[in-house]
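Below is one structure, written out as structure tokens, with a few remarks after it.
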Amino acid sequence: MNNRQEDKLSMFISVDDVWESNKDIWINMPASVRAFDKFKKIISEIVTQQEIQKGKTTGVTENKQKEEDRLIKITLEFASSVHSYAALIGDNKLKQNVNYSPTDLKSARDTDLRAICQSVHRIAESVLSGLADYGKTQEDLDKLQNAIDDFSEMLSKPRAAIGTRATATSRLQELFKEGDELLRDHLDMIMVSYKTSHPTFYNMYRSARTIVDMGKRSKTEEEETELDDE
């Protein structure tokens, strides 16, 4: 990464920290959750491409493992809930269809794991109303599908494409552009609604949205055009 990109990544991480520390304010707003989740994925991929650019590939493996761990965790939560529900209503077939242990999932091949998790999703969806007493909602089911999709996307990335420095350099340019657009068109816009109701959060965000360069702090173009309305 060049110096400008290094500075911008620091800004991205500062914004991430501010949002994480104020999660109780925005967590119940679906638009905020979607935008922030996408922003975090952009940061994660930037770090991965940075490592590839430097000749490292450990980040790719680590990210895949994180996606796999998240998928297994959510799938087991649903499988256990369906298993308990099936036992309650005396449906042994249903119980057997979701009878997976952590070892079963962790030892499964990537494509088999994806198929198992999709099957658990399908089964859980068919009895979702019965899972309400277990705290499972449509939103939780959507999270499982998102985890399946994210894992599938990780598997579909061509090794040749993610493994070259030239490709990483090009991809970094795209990712920073995506990050800038997401900040400008989504997070900046969302923050306007918090200016009065949560001024501390708003001011922390404004501060985080500056880019530090050579010891000087200057406003980004996005902050000047979108956040300053005086």
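The values are calculated or read from the model by the stated rules, or taken from the named source; none is laboratory data. Predicted model, so just to flag it, every value in this text is computed and none were measured. Cβ: placed from backbone, ideal geometry, glycine included. Neighbour counts: every protein chain shown. All accessible areas refer to the heavy atoms of the entire protein, side chains included, with ligands and DNA or RNA removed. Shrake-Rupley method; radii C 1.70, N 1.55, O 1.52, S 1.80 Å.
Tabulated data
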{"quantity": "All positions within segment 1-29 that are open to solvent by 50 Å² or more (accessible area, probe 1.4 Å) and more than 30 Å from residue 167 (Cα to Cα)", "calculated": "20, 21, 23, 24, 27, 28, 29"}
{"quantity": "Close pairs (6 angstrom Cβ cut-off, 6 or more residues apart or separate chains): closer than 13 Å to residue 140 by Cα in segment 69-82, outside any helix (DSSP H, G or I) anywhere", "calculated": "79/98; 79/100; 81/136"}
{"quantity": "Condition met for residue 177 (free of Cβ contacts under 8 Å to residues at least 24 places away in the same chain and part of a helix (DSSP H, G or I))", "calculated": "yes"}
{"quantity": "Elements of type helices (runs of 4 or more DSSP H) in segment 1-97, at least 2 residues being more than 22 Å from residue 154 (Cβ to Cβ), more than 22 Å from the chain's Cα centre (by Cα) and of a type in the set (A, V, I, L, M)", "calculated": "58-89"}
{"quantity": "Verdict on residue 132 being open to solvent by 40 Å² or more (accessible area, probe 1.4 Å) and either under 24 Å from residue 208 (Cα atoms) or in a helix (DSSP H, G or I) (or both)", "calculated": "yes"}
